[in-house]
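Report on the following structure.
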Amino acid sequence: MSKSNRLSSDDTYKSGYVAVVGAPNAGKSTLLNRLLGEKISITSKKPQTTRNRILGVMHRPGSQIIFIDTPGVHKANNPLNERIVGVALGALADVDVILAMVDVDHPDSEGEKVLLDALRKQTKPVVLALNKIDRIAKPEILRFIEHWSTAFPFKAVVPISALRDIQIDTLIVKMEEILAPGPPFFPPDTLTDITERFLAGEMIREKVFRLTGQEIPYACAVTVETFKEQKQGKLITIDATIHLERSSQKGIVIGKGGQKLKQIGEAARREIERMTGTQVFLKLFVRIEKNWRKDTKALRKFGY
Ligand SMILES: Nc1nc2c(ncn2[C@@H]2O[C@H](COP(=O)(O)OP(=O)(O)OP(=O)(O)O)[C@@H](O)[C@H]2O)c(=O)[nH]1
Ligand SMILES: [Mg+2]
C-alpha cells in the first residue's frame, strides 16, 4: 500500500480548502507563495494586483491544505473591479475555512468593512491573520489583537509576517486543527492548477505593476498568444501582448527608445526562466483596447 493510500485511510489525516481573503495589498499573495515555498501568485506594492483565484496545494505529513489566493476586496468603482471583488467573495462559498487577512501597518478601513460584511453573512470558521507585524511595535500588535477579537468571532487571531516568515507555522497548525479529517484531494506532486502559460502572462503583468506608475498598472491586461516549447524542451518561445486603455499610456509603457518595454520584458523573461528552468525567448507587443475595463466582452477576452 502506498504512503498516500495509507494516509488517506488514516482518520487523523486532515484536508480541505482555505480561501485567503482581505483588503487589497494586505499580503495575501505573499502568504500563498510563502506557504508553498514557490512563487505562483504575483505580488506588488500596488493594491489590486491579483485579479483571479490562484490555487496552491500545501502537502504536509498529516494534512493537505488547498489555499485559494483571491483578489483584494474593496468598494468597486468599475466593471473590472466589480468582477474581481466578485471572484474574491465568491471563493468563500467553495471552501471549508476562511483565512481573513489585514495589514496592521496600513489598515484599510474601507476594504476591512467589505470583508467584515461578507464574513458576517456566512457561517464558516474564520481565522484572522494580522499581517506585516515586522513593521510595528509589540504593544501595537496586542492592541490590534484586542481590537479584532471583539470585531468578529474568529476561531483564532494570529499575528504574522508573510514576508519575513514570522509565525507562519502557527498559522498552518491552526488551519490543521480546524479542518475536518479527510483524504487528500490532489496527488503529492501537485502544486497548483494554473498553467505555465497563464503564469507567464501574470509575470509580465507583475513587471508592469512594479515598473510603471500612476494608472498604467490598472489599465493593463496581458494575453499570451504563443507559448511554445522548442529544441526538445530546452527553449520556450512566448509572444505576449500588453493591452492598455489609451494611446497616451502606450508611449509610457514603451518608453524613450523602447527602454521601458525592454526593461519589463527582461525582468519578466528572467522570472519565467526561473519558473520553468528553461531558456525563454519573449516577444512583447503593446496594443490599445479602448476602455476595456468597462467592456464586458473585453473583460471576458482577458480572462476576467
Ligand atoms: N513589511 C512587510 N511587507 C509585506 C508583508 N507581506 C506582504 N508585504 C508586502 O505588501 C505588498 C503587497 O503584497 P501582496 O502579497 O501583493 O498583497 P495582496 O494582498 O496579494 O494584494 P492584492 O493582490 O492587490 O489584493 C508587497 O509589497 C509585499 O512585499 C509583510 O509581512 N511585511
Ligand atoms: Mg494578491
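Within the set of pairs 6 or more residues apart or between chains, which connect a residue that is on the phi > 0 side of the Ramachandran plot inside the stretch 280-295 to a residue that is surrounded by 15 or more Cβ atoms within 10 Å (Cβ to Cβ) with Cβ atoms less than 8 Å apart?
291/245
Considering the stretch 28-48 alone, what residues qualify as being more than 6 Å from ligand 1 (Cβ to nearest atom) and either touching a Leu at 6+ places or on another chain (Cβ under 7 Å) or not in a loop (DSSP other than H, G, I, E, B) (or both)?
Listed by number, the residues that qualify are 31, 32, 33, 34, 35, 36, 38, 40, 41.
I need a count of the residues in the stretch 89-101 that are assigned to a helix (DSSP H, G or I) and touching a Lys or Arg at 6+ places or on another chain (Cβ under 8 Å).
The number of residues fulfilling the criteria is 2.
Being surrounded by 13 or more Cβ atoms within 10 Å (Cβ to Cβ), touching a strand residue (DSSP E or B) at 6+ places or on another chain (Cβ under 6 Å) and over 18 Å from residue 42 (Cβ atoms) narrows it down to one residue among 250, 262; which is it?
The match here is 250.
Restricted to the stretch 28-47, and to residues that are within 10 Å of the chain's Cα centre (by Cα) and not aliphatic (A, V, I, L, M), which residue is nearest to ligand 2 (Cβ to nearest atom)?
Only one residue fits best here, namely 29.
Between residues in the stretch 215-237 that are in the same structural domain as residue 292 (by TED's automatic domain parsing) and loosely packed, with under 12 Cβ neighbours inside 10 Å and residues that are β-branched (Val, Ile, Thr) and not in a strand (DSSP E or B), which pairs lie under 8 Å by C-beta distance while being six or more apart or on different chains?
233/278; 234/278
Have a look at 130, 119, 211 and point out the one that is out of contact with any Leu (no Cβ under 9 Å at 6 or more places or on another chain), more than 16 Å from ligand 2 (Cβ to nearest atom) and more than 30 Å from residue 273 (Cα to Cα).
Unique residue meeting the criteria: 130.
In the stretch 20-27, is there at least one residue being more than 12 Å from ligand 2 (Cβ to nearest atom) and either in a strand (DSSP E or B) or surrounded by fewer than 21 Cβ atoms within 10 Å (Cβ to Cβ) (or both)?
No, the stretch 20-27 contains no residue that is more than 12 Å from ligand 2 (Cβ to nearest atom) and either in a strand (DSSP E or B) or surrounded by fewer than 21 Cβ atoms within 10 Å (Cβ to Cβ) (or both).
Which residues, taken from the stretch 54-79, are within 11 Å of ligand 2 (Cβ to nearest atom) and either assigned to a loop (DSSP other than H, G, I, E, B) or within 16 Å of residue 200 (Cα to Cα) (or both)?
Answer for the stretch 54-79, where residues must be within 11 Å of ligand 2 (Cβ to nearest atom) and either assigned to a loop (DSSP other than H, G, I, E, B) or within 16 Å of residue 200 (Cα to Cα) (or both): 54, 70, 71, 72.
Please verify whether the stretch 102-121 includes one or more residues that are in a strand (DSSP E or B) and not hydroxyl-bearing (Ser, Thr, Tyr).
There is at least one residue in the stretch 102-121 that is in a strand (DSSP E or B) and not hydroxyl-bearing (Ser, Thr, Tyr).
Considering each of 83, 51 in turn, give the residue that is touching a residue at least 12 places away in the same chain (Cβ under 8 Å), in a helix (DSSP H, G or I) and farther than 28 Å from residue 147 by Cβ.
Of 83, 51, the one residue that is touching a residue at least 12 places away in the same chain (Cβ under 8 Å), in a helix (DSSP H, G or I) and farther than 28 Å from residue 147 by Cβ is 83.
Could you please find all residues in the stretch 191-214 being surrounded by 17 or more Cβ atoms within 10 Å (Cβ to Cβ), β-branched (Val, Ile, Thr) and under 19 Å from residue 71 (Cβ atoms)?
Those that are surrounded by 17 or more Cβ atoms within 10 Å (Cβ to Cβ), β-branched (Val, Ile, Thr) and under 19 Å from residue 71 (Cβ atoms): 192, 204, 208.
Out of the stretch 128-144, which residues are free of Cβ contacts under 8 Å to residues at least 60 places away in the same chain and either within 16 Å of ligand 1 (Cβ to nearest atom) or in a loop (DSSP other than H, G, I, E, B) (or both)?
128, 130, 133, 134, 135, 136, 137, 138, 140, 141, 144, listed by residue number.
Among the candidates 287, 269, single out the residue that is closer than 29 Å to residue 79 by Cα and either outside any loop (DSSP other than H, G, I, E, B) or in the same structural domain as residue 45 (by TED's automatic domain parsing) (or both).
287
The values are calculated or read from the model by the stated rules, or taken from the named source; none is laboratory data. Keep in mind the model is a prediction, meaning the values are calculated, not measured. Ideal geometry is used to build each Cβ from the backbone, glycine not excepted, and the neighbour counts take in all protein chains shown.
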